[in-house]
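Quick notes on the structure that follows.
Laboratory data are not the source of any read-out in this text; all were calculated from the coordinates shown. Just so it is clear, the model here is predicted, and its values are computed rather than measured. Counting neighbours? That spans all protein chains shown, and the Cβs are built from the backbone with ideal geometry, glycine included.
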Amino acid sequence: MENAGKEVDNEDERKALKDIGIGTPATRASIIETLFKRDYIRREKKTLIPTHKGLQVYGAVKDKKIADIAMTAEWEMALQKIENNEADADAFHREMETYATSITRELLDMRIPKEKQPELTCPKCKRHRLLIWNKVVKCPNEGCGWLQFRTVCGIPLSLTDIESLVTKGKTNLIKGMKSNSGNKFNAYIVLNDKAETSFEFDNRQPKRK
């Protein structure tokens, strides 16, 4: 995001983005945090990796107006002209309204295929197919009541994590979770015989959530 100008062909636009990039340090951090929460990216050591869900969205919008880096450069150049009294601010504002309407209509007309969900049987009652929603996975039988939140200690669980937990009784190692005190830790989420979840650390006993 800081070096986005390298992707722009027009020399003037590239210069306009050279020192500013896309967004500010604060907005960039906020955007990345949102991408984590919504399971669009994940962290592997010091590298950010797009998830399958993230790649789907990228493939859908990469050729759309909202993904056009050159547009940010054009805005920056227009703002510089307004600052130097070389362009009209009201005209720029009208152009922004037209652009916002255009990209909104373009995005609303899109059809993004939904991520295929696994068919999982409740690990507690072992009778009903689990309902998989954005925030929770739950058994539809109210008498059973099994439920698993999709976000644990600040880290979203992917469908692969959910499937592994339900079918194998244990997720892969989940990194970067935060305790109540704010400390980060890595752990597996495991199910016991009563379908209750707990954390399992390397060479440690499971710790109840």
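Are there chymotrypsin sites (Phe, Trp or Tyr not before Pro) in segment 96-147 that DSSP puts in a loop and that have at most 13 other Cβ atoms within 10 Å, and which ones?
Working: sites: Tyr99, Trp133, Trp146; in loops: Trp133, Trp146.
Those that pass, being in a loop and sparsely packed, are Trp133.
Dipole check for segment 68-155: with +1 at the C-beta of Lys and Arg, -1 at the C-beta of Asp and Glu, and the Cα centre as origin, the magnitude is about 1560 Debye.
Mind listing which GluC sites (Glu not before Pro) in segment 27-112 are in a DSSP loop and have 10 or fewer other Cβ atoms within 10 Å? List each step's numbers first, then the result.
Numbers: sites: Glu33, Glu44, Glu74, Glu76, Glu83, Glu86, Glu95, Glu97, Glu106; in loops: Glu86.
Within segment 27-112, the qualifying GluC sites (Glu not before Pro) (loop, at most 10 other Cβ atoms within 10 Å) are Glu86.
Would you compute the Debye intensity of segment 131-208 from its alpha-carbon atoms alone, equal scatterers and no solvent, and pass along log10 I(q)/I(0) at q = 0.14, 0.20, 0.22 Å⁻¹ to two decimals? After summing over all Cα pairs, the log10 values are -0.45, -0.91, -1.08. One equal scatterer on each Cα of segment 64-158, no solvent, Debye formula: the resulting log10 I(q)/I(0) at q = 0.12, 0.15 Å⁻¹ is -0.65, -0.75.
Pairs from the list Lys135/Lys184; Lys65/Lys138; Lys135/Lys194; Lys62/Lys184 with a Cα-Cα gap above 28 Å: Lys65/Lys138; Lys62/Lys184.
Summary of packing: across the peptides 59-67, 175-183, 136-144, the per-residue average of other C-beta atoms within 10 Å ranks them, highest first, as 136-144, 59-67, 175-183.
Per-peptide packing, taken as the mean over residues of other Cβ atoms within 10 Å, places 184-190, 167-173 in the sequence 184-190, 167-173 from highest down.
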